[in-house]
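Data first, discussion second: the structure below is written as structure tokens.
The values are calculated or read from the model by the stated rules, or taken from the named source; none is laboratory data. Predicted, not measured: the structure shown is a model, and the values here were computed from it. Backbone-built Cβ (ideal geometry, glycine too); neighbour counts: all protein chains shown.
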Amino acid sequence: MPEPGSDEFNQIVEGRDDLLVSDLAVTEVVSALSRRLRQGALTREVARLVQHAIVGGLDGGVYRRVELSRDVHRRAEHFLLSLTETLLRAADALHLALATSAQAASMASFDVRLGAAARAVGLAVYPA
């Protein structure tokens, strides 16, 4: 789906074998697809194809799956209570906790608040 920055993002991640993806991220992508579907910007068939491609890549090992666990939730709660300047939402804190729990060096996010929080905990953020 063409979005601002998506072509550049796709070029950067294409062919990489170190991408971490959570089922939470998949659900958020499907939520965005649903919004585009409601707006008439894509068909149900295209939305399902994209969803199946992402899940297929995750299940097929194209991406490394990171799981929400009790420890990830506790880490997210820590971020919510300690990064008070960033206005983190629960899902954003979970994304940040997933990345740091998996010892990621960087995070892709087009969300300004999540990007600021990621930088605050030492992650490089794309886009810069």
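The table below lists the values:
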read-out	value
Test: residue in segment 68-84 that is modelled with pLDDT under 95 and hydrophobic (A, V, I, L, M, F, W, C)	no
Residue satisfying condition, being within 20 Å of PHE9 (Cα to Cα), under 17 Å from the mean Cα position of the chain (by Cα) and among the polar types (S, T, N, Q), within set THR27, THR100	THR27
Filter pass, ALA41 being farther than 19 Å from PRO127 by Cα, outside any helix (DSSP H, G or I) and outside the structural domain of TYR126 (by TED's automatic domain parsing)	yes
Residue list for segment 1-26, filter: part of a helix (DSSP H, G or I), without any contact (Cβ under 8 Å) to a residue 40 or more places away in the chain and out of contact with any helix residue (DSSP H, G or I) (no Cβ under 9 Å at 6 or more places or on another chain)	SER6, ASP7, ASN10, GLN11
Filter pass, SER34 being farther than 18 Å from SER106 by Cβ, among the hydroxyl-bearing types (Ser, Thr, Tyr) and free of Cβ contacts under 8 Å to residues at least 60 places away in the same chain	yes
Any hit, segment 111-124, residues being in a strand (DSSP E or B) and over 12 Å from the mean Cα position of the chain (by Cα)	yes
In segment 58-101, residue surrounded by the fewest Cβ atoms within 10 Å (Cβ to Cβ) [restricted to those that are assigned to a loop (DSSP other than H, G, I, E, B) and of a type in the set (A, V, I, L, M, F, W, C)]	LEU87
